[in-house]
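First comes the structure, then the notes that go with it.
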Ligand SMILES: [Zn+2]
């Protein structure tokens, strides 16, 4: 039993939840569910990033206090997760007082360790990113490359974090730990950023009050990014009533992030932890962007937005989870569309998995009255399942969530081929075919159970239903071996993935 701690980015509370948020949450959920199957001590964190100028400005425009707006908007994210079957253990809000106190404690230590000084900052600032942009991050016409809005020239007296003094430490970190950041192209991007020379960065803002106050200079609040990054650490101190989980779960096993926040997580974050003398996370994994069906960035005006709620309404949350991690290789960018969802749903979920389940169960009901025959399993089929659970686990350990799913899916296809090869309907009519039919039905029922246990992190609702019908509800990875828990009886099954209009 090892500890496993996975996080999503915390989402900026002004945004409306969209497919990109769902994507990070689903990916982290697949990892968390898989580790629970291993019986690892698992902790899964997500939440909202609530401080900073954009929230303060938006609240003012609505005649609200920032806290009121944050309360209202945080709820939209909190209520998103159950709809997606995302099983986070805690939902942090950076406006939680416990978080603020812990941020002050850690950053006071950074200050006491001599990594902070006062200076004058002037630069191009994007209010939506809440970030000053360095030269190579400024798009044509002095615009933010992410938000495409004009940048503002800002100057203020700030406390600075001596990021520049961590250059060598960061270079050593990347040299010593090739798997600190993945996939490799993102690691190269982070290393190039570090190699190009690091400037000190603003740690505080003077003009703002909606933030965590700086303990050594009460006129300032911490720059929202540092406050936000620390959520991964602070949450452990108060996520469970009366317990501090920090010693058990820190450092995090995986931070999953989108590539737009790479610099903060692969450069600022490890440097800050070093400055605070805290252990560094094991892995930061950067996923790509989900694009419109035309391969362009999703935007309402292009009409190429895939709405996760519409997918769920039509095909269910399992189908959305499956589609996102199957159709787009996790770690890369990929086009998405309702047509592609339908295609995966019909050709794979309904025709391959759904069909395998319905004919296996129907045959056991028809030929053996619902009783799974006793006896041996097909040895050749069993050989094709050897080492499967380990192979899936090894891929998940590398955040290869698409590759892990493909490993399992090859066995779904193998089982369907097995049905065709052995033609149980012919055996049922043949003289002396009874023993062979017993072996085939038993092997199929057990193979179906094993693939469904392994698929549970991607398809949690389907797994619960199907394993219930097979009378073997255990999700333990130890049971994901052929022969570990052969079903004894099955009951009739409604289609898992019914035809949709
Ligand atoms: Zn921006």
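With r defined as the distance between the Cβ atoms of residue 500 and residue 168 and R0 fixed at 60 Å, what FRET efficiency is calculated, to the nearest 0.05?
Working from the Cβ atoms, E equals 0.60.
For the range 3-154, what relative contact order do you get, as a whole percent, if you take Cα pairs closer than 8 Å and at least 6 residues apart?
The value is 21 percent.
By the gyration tensor of its Cα atoms, with a ≥ b ≥ c the square roots of the eigenvalues, what is the shape of the range 327-410: rounded for a/c under 1.5, prolate for a/b over b/c, or oblate?
Oblate shape, in that a/c is at least 1.5 and b/c is the bigger or equal ratio.
Over the range 17-80, what is the relative contact order in whole percent, taking alpha-carbon pairs under 8 Å and six or more residues apart?
Over the range 17-80, the number comes to 32 percent.
So, in nm, how far is label residue 337 from label residue 307 when the simple model puts each one 7 Å beyond its Cα toward the Cβ?
Roughly 1.9 nm, to one decimal.
Could the peptides 125-134, 454-463, 112-121 be put in order, highest first, of the mean number of other beta-carbon atoms found within 10 Å of their residues?
454-463, 125-134, 112-121
Within the range 274-317, find all residues whose amide N lies under 20 Å from a label point positioned 7 Å from the Cα of residue 185 along Cα-to-beta-carbon.
It comes to 284-298, nothing else.
Subtract the Cα-Cα distance of residue 105 and residue 209 from 0.36 nm times their separation in residues, and report this length gain in nm to one decimal.
Gain in length upon complete extension: 35.6 nm.
Neighbour counts of other C-beta atoms within 10 Å: give me 336, 246 arranged from fewest to most.
Listed from fewest to most nearby Cβ atoms, that is 246, 336.
Taking the Kirkwood radius as the inverse of the mean 1/r across Cα pairs, report the Rg/Rh of the range 204-322.
Result for the range 204-322 is an Rg/Rh of 1.08.
Quote the FRET efficiency, to the nearest 0.05, computed for residue 15 versus residue 417 with a Förster distance R0 of 41 Å and r equal to the Cβ-Cβ distance.
0.35
Roughly how many nanometres apart are two label points built 7 Å out from the Cα toward the Cβ at residue 299 and residue 120?
It works out to 3.8 nm between the two label points.
Could you rank the peptides 294-301, 218-225, 91-98, 374-381 by their average count of other C-beta atoms within 10 Å per residue, with the highest value first?
Top to bottom by mean Cβ count within 10 Å: 218-225, 91-98, 374-381, 294-301.
When you count, for each residue, the other Cβ atoms within 10 Å and take the mean per peptide, how do 491-501, 31-41 rank with the highest first?
Result, highest mean first: 31-41, 491-501.
Say a paramagnetic label sat at a point 7 Å from the Cα of residue 128, along Cα to Cβ; which residues of the range 4-22 have their backbone N under 18 Å from it?
Under 18 Å, as judged by backbone N against the label point of residue 128, lie 11-21 of the range 4-22.
Could you calculate the contour length gain from residue 38 to residue 277, that is, 0.36 nm times the residue separation minus the distance between their Cα atoms, to one decimal place in nm?
Taking 0.36 nm per residue and subtracting the Cα distance, the gain is 82.9 nm.
Could you give the length gained by full extension between residue 113 and residue 146, i.e. 0.36 nm per residue of separation minus their alpha carbon distance, to one decimal place?
Stretched out fully, the residue 113 to residue 146 stretch lengthens by 8.4 nm.
For the chain, what is the per residue volume of the convex hull drawn over the alpha-carbon atoms, in cubic angstrom?
Cα-based convex hull of the chain, divided per residue, equals 157 Å³.
Between residue 156 and residue 68, how many nm apart are label points set 7 Å from Cα along the C-beta direction?
2.4
So how far, in whole Å, is the C-alpha centre of the range 1-80 from the one of the range 448-480?
28
Contact order normalised by length for the range 433-501, with contacts defined as Cα pairs under 8 Å and 6 or more residues apart; what percent is it?
33
Please compute, over every Cα-Cα pair in the range 343-493, the percentage with a separation greater than 27 angstrom.
That fraction is 17 percent.
Angle check, please: helix 388-397 long axis (alpha carbons) against the longest principal axis of the chain (alpha carbons), in degrees 0 to 90, nearest 10.
Tilt of helix 388-397: around 10 degrees.
Efficiency by 1/(1 + (r/R0)^6): what FRET value for residue 259 and residue 366, r their Cβ-Cβ distance, R0 = 60 Å, to the nearest 0.05?
E(calc), rounded to 0.05, equals 0.70.
Where does the chain land at 222 nm, in deg cm²/dmol rounded to the nearest 500, when only DSSP H runs of n ≥ 4 count, each adding -39500 (n - 2.57), divided by all residues?
Estimated from H runs of four or more residues: -13500 deg cm²/dmol.
Coordinate-derived values only; no laboratory data. All of these numbers come straight from a predicted model, not from anything done at the bench. Reconstructed Cβ throughout: ideal geometry from the backbone, glycine too, with neighbour counts over all protein chains shown.
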